[in-house]
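Q: Let me give you the structure first, and then I'll get to my questions.
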Amino acid sequence: MKNILITGGAGFIGSHVVRLFVNNYPDYHIYNLDALTYAGNLENLKDVEAASNYTFLKADINDSEGILNLFQKYRFDSVIHLAAESHVDRSITDPLSFLKTNIFGTVNLLNAAKEVWKDDFETKLFYHISTDEVYGTLGETGLFTEKTSYDPNSPYSASKASSDHFVRAYGETYGLPYIISNCSNNYGPNQFPEKLIPLFINNIIEKRPLPVYGDGNYTRDWLYVIDHATAIDLAFHKGKKKETYNIGGFNEWKNIDLVKLLCSLMDEKLNTPERSSEQLITFVKDRPGHDLRYAIDASKINADLGWKPSLTFEEGLSNTIDWYLTNKNWLKNVTSGAYQEYYKNQYKK
Ligand code: NAD
Ligand code: DAU
C-alpha cells in the first residue's frame, strides 16, 4: 500500500483529486491534509469520507514542526500539493497570508519531504500544483508554453511563482524528485463563490448585480475541474520527474461573453424570461494589475501523456449550473457569516 499525501484536499480542485484517487486506487491510502480555512469544506468529500483508504488530517502547512511529525508518522511515499491561498482579489488586500501559506508553507512541505525521504529519493515524488498566472499576461495573441518566462503581476501569482522556484530549487540542490503543472482557470462543482463563475451563479439565483470588472474584455482559458483532476492523475503516474506540464482547456472566453452565455443558460434553467439575468450585469471598478489574457498551450501533456479535455465548455457550464441549483444548501452554508463581510468589502463602490 502506498501512502499518498494530498494537501488542500478539502478545497475546490483538491476535493476532486482526492475523490478520484480514493475511488480509482484502492491500493493507495489517501491522506487529505487541510487547515480548513474559509475555502476548505469537508462537505465536499461526504461521499468518500468513510472509505477505508481515506484519512483526513487537520493541519496547517505553516506549522513546520507539525508537518515534519506527520511525515515521520505516516511515511508518505508521494505528495500532491494543492493547499494554497488561491484568490487574486484577496491577495491584493492581504499579500502576507499568500506569502506565508504559498511560499513558506510549500517550503515546510519540501523540508519535511527532503528530511524523511533523504535515503530513498528514487521511489518518491513531490507533485506541485501551480497556475498559469505565473507567466503574467499575454497580449491579444500567443500562448503560454512550458518555456515562457515567469512574469507574475499579482501578489497571488508572485507567491505561486516563488513556490514553483523553490520546488525546482529543491530538485536541483538536493535531488528531491518533483513534477510541476501549471493550469488555467478551473470551473465546476464545489468552487467557492468568490471566483467568477460560482459568484455569478449565486448572484443570479439571488437576483443580485453581476459585478464585471473594467470593460469585461479580459480573457481566460477555462477547464472543467474533473478534466484537471484527470490530468493530475496522468502526470502523477506517467509524468517525467523534473518536468513541467501546462494544462489548459483550449477554451478562451472574454469575461463579458462568458457572463452572457452563463446568463442565458441560467434563464433557461430557472425558467425566467430571456435576457432577464443579463440585466443584472453591472460594470464595476477594475481589479488593480488585472492580467489581460491567459491562454495555455497544452500540447506537451497532450503529446507526452495523451491528455485532453473531455467536455465542451457548454456541457461543463451546464453541469456546473445544475450542481449549484441542486446544492443550494451548500451555497447557503458557505455564503453565510464571513462571506457576507468579504462581499461587502470587496464590492463596495
Ligand atoms: P481553494 O482555495 O478552493 O482550496 C485551497 C485549500 O487549501 C482549502 O481547502 C484550504 O482550506 C486549504 N489551505 C489553505 N491554506 C492552508 C494551510 N495553511 N494549510 C493547509 N491547508 C490550507 O483552491 P483551489 O482553487 O482548489 O486551488 C487549489 C490549488 O490549485 C492551488 O494551489 C491553486 O494555486 C492551484 N490552481 C487553481 C486554479 C483555479 O482555477 N482554481 C487553477 C490553477 C491552479
Ligand atoms: O488562471 C488560473 C487562476 O484562475 C488560478 O490560479 C486562481 O487560483 C483562480 O482564482 C483563477 O484566477 P482569476 O483571477 O483568473 O479568476 P477569477 O474567477 O477571480 O476571475 C476570472 C476573471 O473574471 C478575471 O478576469 C477577473 C474577472 N472577475 C472576477 C470576479 C471575482 C470579474 O469581472 N468580476 C468578479 O467579481
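The values are calculated or read from the model by the stated rules, or taken from the named source; none is laboratory data. Owing to the predicted nature of the structure, the values given are computational and were not obtained by experimental measurement. Cβ atoms come from the backbone with ideal geometry, glycine included; neighbour counts cover every protein chain shown. SASA here: full protein model, heavy atoms, side chains in, ligands and nucleic acids out. Shrake-Rupley method; radii C 1.70, N 1.55, O 1.52, S 1.80 Å.
Q: Return the residue satisfying two criteria in turn: it lies in region 132-160 and is within 16 Å of ASN246 (Cα to Cα) and hydroxyl-bearing (Ser, Thr, Tyr), and of such residues it is nearest to the chain's Cα centre (by Cα).
A: Checked region 132-160; the qualifying residue nearest to the chain's Cα centre (by Cα) is SER157.
Q: Return yes when ASP297 is of a type outside the set (Ser, Thr, Tyr) and more than 21 Å from the chain's Cα centre (by Cα) and no when it is not. Even if it seems obvious, please write down each step before you answer.
A: On the way: of a type outside the set (Ser, Thr, Tyr): yes; more than 21 Å from the chain's Cα centre (by Cα): no.
No, not satisfied.
Q: Tell me, yes or no, whether region 183-195 has at least one residue that is among the charged types (D, E, K, R) and free of Cβ contacts under 8 Å to residues at least 12 places away in the same chain. Show your work before the answer.
A: Looking only at region 183-195, we keep the residues that are among the charged types (D, E, K, R), and these are 194-195.
Then keep just the ones that are free of Cβ contacts under 8 Å to residues at least 12 places away in the same chain; that gives none.
No, that holds for no residue.
Q: Then there is this: From the list ASN203, ASN217, ASN182, pick out the single residue that is within 13 Å of ligand 2 (Cβ to nearest atom) and part of a helix (DSSP H, G or I).
A: Details: ASN217 fails: part of a helix (DSSP H, G or I); ASN182 fails: part of a helix (DSSP H, G or I).
Just a single option satisfies the conditions, and that option is ASN203.
Q: Collect the residues in region 22-62 that are open to solvent by 30 Å² or more (accessible area, probe 1.4 Å) and of a type in the set (Val, Ile, Thr), keeping them in residue-number order.
A: Scanning region 22-62 gives THR37, THR55.
Q: A further question on this structure: Test LEU262 against the criterion of being touching a Leu at 6+ places or on another chain (Cβ under 8 Å), under 28 Å from LEU20 (Cα atoms), open to solvent by less than 10 Å² (accessible area, probe 1.4 Å) and part of a helix (DSSP H, G or I), and give yes or no. Can you show your working first?
A: Numbers: touching a Leu at 6+ places or on another chain (Cβ under 8 Å): yes; under 28 Å from LEU20 (Cα atoms): yes; open to solvent by less than 10 Å² (accessible area, probe 1.4 Å): yes; part of a helix (DSSP H, G or I): yes.
So LEU262 passes the test.
Q: Now, a different point. Counting only residues that are among the hydroxyl-bearing types (Ser, Thr, Tyr) and either open to solvent by 10 Å² or more (accessible area, probe 1.4 Å) or in contact with a Gly (Cβ under 9 Å, 6 or more places away or on another chain) (or both), how many does region 68-82 have?
A: Restricting attention to region 68-82, the residues satisfying the condition of being among the hydroxyl-bearing types (Ser, Thr, Tyr) are 74, 78.
Of the ones still in play, those that are also either open to solvent by 10 Å² or more (accessible area, probe 1.4 Å) or in contact with a Gly (Cβ under 9 Å, 6 or more places away or on another chain) (or both) are 74.
Result for region 68-82: 1.
Q: I would also like to ask the following. For region 237-259, which positions are part of a strand (DSSP E or B) and open to solvent by less than 10 Å² (accessible area, probe 1.4 Å)? Before the answer, list the steps.
A: From region 237-259, those part of a strand (DSSP E or B) are 244-247, 252-254; that's our starting set.
Passing the criteria: TYR245, ASN246, ILE247.
Q: Oh, and also: How many residues, within region 83-123, are in contact (Cβ under 8 Å) with a residue 60 or more places away in the chain, buried (at least 16 other Cβ atoms within 10 Å of the Cβ) and not in a loop (DSSP other than H, G, I, E, B)?
A: We begin by selecting, within region 83-123, every residue in contact (Cβ under 8 Å) with a residue 60 or more places away in the chain; these are 83-93, 95, 98-99, 102-103, 106, 109-110, 113-114.
Restricting the remaining residues to those that are buried (at least 16 other Cβ atoms within 10 Å of the Cβ) gives 83-92, 95, 98-99, 102-103, 106, 109-110, 113-114.
If we keep only those that are not in a loop (DSSP other than H, G, I, E, B) as well, we get 88-92, 95, 98-99, 102-103, 106, 109-110, 113-114.
Residues that pass the stated criteria total 15.
Q: If you go through region 187-203 one residue at a time, how many are under 12 Å from THR320 (Cα atoms) and under 14 Å from the mean Cα position of the chain (by Cα)?
A: The qualifying residues number 7.
Q: What residue, of ILE80, ILE67, ILE13, is touching a Ser or Thr at 6+ places or on another chain (Cβ under 8 Å) and either within 15 Å of ligand 1 (Cβ to nearest atom) or part of a loop (DSSP other than H, G, I, E, B) (or both)? Show your work before the answer.
A: Numbers: ILE67 fails: touching a Ser or Thr at 6+ places or on another chain (Cβ under 8 Å); ILE13 fails: touching a Ser or Thr at 6+ places or on another chain (Cβ under 8 Å).
Unique residue meeting the criteria: ILE80.
Q: Still on this structure, I have one more. Any residue at all in region 164-178 that's crowded, with 20+ Cβ neighbours inside 10 Å, within 13 Å of ligand 1 (Cβ to nearest atom) and of a type in the set (Ser, Thr, Tyr)?
A: Checked against the condition, which is being crowded, with 20+ Cβ neighbours inside 10 Å, within 13 Å of ligand 1 (Cβ to nearest atom) and of a type in the set (Ser, Thr, Tyr), region 164-178 yields no hits at all.
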